[in-house]
Amino acid sequence: MLSRRLLIALLCLVSGPTLAAGETAAWDSFAATSLGSPVSVFSLLTLLSLLPFGVIALTTFTRNIVVLSLVRHALGLQTTPPNIVLIVLAMFLTLFVMTPTLQSAYEAGAKPFMAGQATLEQAATEGWVPLRDFMVRQTHESDLRLIHELAKAPLPATVEQLNPVHLVPAFMLSELKIAFQIGFMIFLPFLIIDIIVSSILMSLGMIMVPPITISLPLKIMLFLLIDGWGLITQTLVRSVA
């Protein structure tokens, strides 16, 4: 009984926005019919344990967290903002960007399953389609071709024929590539500041003064003047076609 209540609470957190929109009838039906079996409980708990891996591999979370980490390094800050702050910000940016896709996946797969109108296999197949289409739009053809070459498999003629085993790594490679491209553009102005400060200190003979002592406040001031966090947020959101 305790494990069942815990599972219901966890699933409520996951599906909270949907329940708030008035889908309580479907949820009640699902909870009454699907959570009674120990096998179902174990299966759902297993799926919940794999959720972090899905967030990293199937969404834009990788792009967001890499860019935010590169911003911190570009500023010369080692632990500020803390990792937990960057992770939470990246998570909510991911949720903001992925909401339309996740809503489509819910309507196509999870909702019929919770209402008892589809099997788990049917729900997974239908729910995968919106997510697959999103990932294909974000994946570079060169990365997709590379993965298929490494797998010694022909490149499918249609999106429907794409194997998730090939699509997911290609998508993650594209996410890393995009993140590093954005990070490079962020690094440039701060690198120029570091070079200028180092040159001035050398010309003044102040060799013992660490350049970071002078350049750090200048970089923070520049970052604030241009509304850096706002620009980065806009870039991350608009980079998702």
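For region 184-212: of the residues being under 24 Å from T62 (Cβ atoms) and crowded, with 18+ Cβ neighbours inside 10 Å, which is farthest from the chain's Cα centre (by Cα)?
F190
Sort out which residues of region 177-187 are out of contact with any His (no Cβ under 8 Å at 6 or more places or on another chain) and under 15 Å from R137 (Cα atoms), and write them in order of number.
Passing the criteria: only I178.
What are the residues in region 93-152 that are closer than 16 Å to F61 by Cβ, surrounded by 13 or more Cβ atoms within 10 Å (Cβ to Cβ) and among the β-branched types (V, I, T), if any?
Listed by number, the residues that qualify are T94, V97, T101, T139.
Please go through region 213-241 and give me each residue that is part of a helix (DSSP H, G or I), surrounded by 14 or more Cβ atoms within 10 Å (Cβ to Cβ), of a type in the set (V, I, T) and in contact (Cβ under 8 Å) with a residue 40 or more places away in the chain, ordered by number.
Listed by number, the residues that qualify are I220, I232, T233.
Among the residues of region 112-152, which ones are part of a loop (DSSP other than H, G, I, E, B) and in contact with a helix residue (DSSP H, G or I) (Cβ under 7 Å, 6 or more places away or on another chain)? Quick ask: steps written out before the conclusion?
Initially, region 112-152 is screened for residues part of a loop (DSSP other than H, G, I, E, B), giving 115-119, 139-140, 151-152.
Within region 112-152, A115, G116, A118, T139, H140, A151 qualify.
Collect the residues in region 153-175 that are assigned to a helix (DSSP H, G or I) and either surrounded by 14 or more Cβ atoms within 10 Å (Cβ to Cβ) or touching a Leu at 6+ places or on another chain (Cβ under 6 Å) (or both), keeping them in residue-number order.
Within region 153-175, P164, H166, L167, V168, P169, A170, F171, M172, L173, S174, E175 qualify.
Values quoted throughout were computed directly from the atomic coordinates according to the rules given, and no laboratory measurement underlies them. Quantities reported herein were computed from a predicted structural model and do not represent experimental measurements. Here the Cβ is made from the backbone with ideal geometry for all residues, glycine too, and neighbour counts use every protein chain on show.
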